[in-house]
Amino acid sequence: MLDIEFMSELLIGVMHGPQGGSSKIIDEYYEQYEDYEDEFPEQHRTQKLFKEVLAIIQSIFPKIKETRWSNKTDFYTLFVGLASLLRKYELTGGGVRNVRKALEKFAEDTDLRLADEHATVSKTVINYVRAVEKGANDKKRRANRHAALLAIIGEYFKPRKKSA
């Protein structure tokens, strides 16, 4: 059941950005959409974006289980962050490689700071670590991690070309 709940959190995050991660919040979102019989507004776009994010994560980290991004807190941040970017942007040339390197360095610095609160790391890493340590499913902490992640990988995205 927890996997279904986590998938719901990811879907809500794709649609609405970082949100709190309690059962009550998920239930409130389900209530908003229960009146739609077959499809909810933007369902096809949301499904496409969800699949695109998943494919990009698989490209970035084919062996994600060997990274910190495999834990739920960091995976949620990565997934929702990429979804946020991919709504309006696409990866630049070499983007997968560049994003992987940036995320690996960010994870390394995050682990360093978690192990030693006096470690010299960027302010972005410090903010991320603060948002990881306590209340990881809290909306504000998720939003703080989201902002930190976008600061790290945002430069590897460019505006999407308009469809004809």
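Scanning segment 6-57 for residues that are among the charged types (D, E, K, R), farther than 30 Å from Ala102 by Cβ and assigned to a helix (DSSP H, G or I) returns Lys24, Asp27, Glu28, Glu31.
Remark: pairs (first residue in segment 82-97, more than 14 Å from Leu149 (Cα to Cα) and of a type in the set (Lys, Arg); second residue part of a loop (DSSP other than H, G, I, E, B) and modelled with pLDDT of 95 or more; Cβ separation under 8 Å; 6+ apart in sequence or on different chains) are absent. Beta carbons closer than 6 Å, at least 6 apart along the sequence or on distinct chains, pair a first residue in segment 99-121 that is in contact (Cβ under 8 Å) with a residue 12 or more places away in the chain and acidic (Asp, Glu) with a second that is part of a helix (DSSP H, G or I) and surrounded by 15 or more Cβ atoms within 10 Å (Cβ to Cβ) for Asp109/Val125.
In summary, Glu90 fulfils each of the numbered conditions (1) part of a helix (DSSP H, G or I); (2) out of contact with any helix residue (DSSP H, G or I) (no Cβ under 7 Å at 6 or more places or on another chain); (3) surrounded by 12 or more Cβ atoms within 10 Å (Cβ to Cβ); (4) not small (Gly, Ala, Ser) with the single exception of condition (1).
Let's see how each residue does on (1) on the phi > 0 side of the Ramachandran plot; (2) under 13 Å from the mean Cα position of the chain (by Cα):
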site	(1), (2)
Glu42	yes, no
Phe50	no, yes
Leu54	no, yes
Ile57	no, yes
Pro62	no, no
Glu66	no, no
Lys72	no, yes
Ser84	no, yes
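When Ala151, Ala119 are checked against the criterion of being aliphatic (A, V, I, L, M) and either assigned to a helix (DSSP H, G or I) or loosely packed, with under 13 Cβ neighbours inside 10 Å (or both), Ala151 stands alone in meeting it. Summed over segment 122-154, the residues that are of a type in the set (D, E, K, R) and without any contact (Cβ under 8 Å) to a residue 40 or more places away in the chain give a count of 6. Examine segment 101-117 for a residue that is over 14 Å from the mean Cα position of the chain (by Cα), on the phi > 0 side of the Ramachandran plot and not basic (Lys, Arg), and state whether such a residue exists. So far as segment 101-117 goes, no, none of its residues is over 14 Å from the mean Cα position of the chain (by Cα), on the phi > 0 side of the Ramachandran plot and not basic (Lys, Arg). With the structure loaded, tell me whether Phe79 is in a helix (DSSP H, G or I), touching a residue at least 60 places away in the same chain (Cβ under 8 Å) and surrounded by fewer than 17 Cβ atoms within 10 Å (Cβ to Cβ) or whether it fails that test. The answer is no for Phe79.
The values are calculated or read from the model by the stated rules, or taken from the named source; none is laboratory data. Model, not experiment: these values are computed from the prediction. Note that each Cβ is placed from the backbone with ideal geometry, even for glycine, and that neighbours are counted across all protein chains shown.
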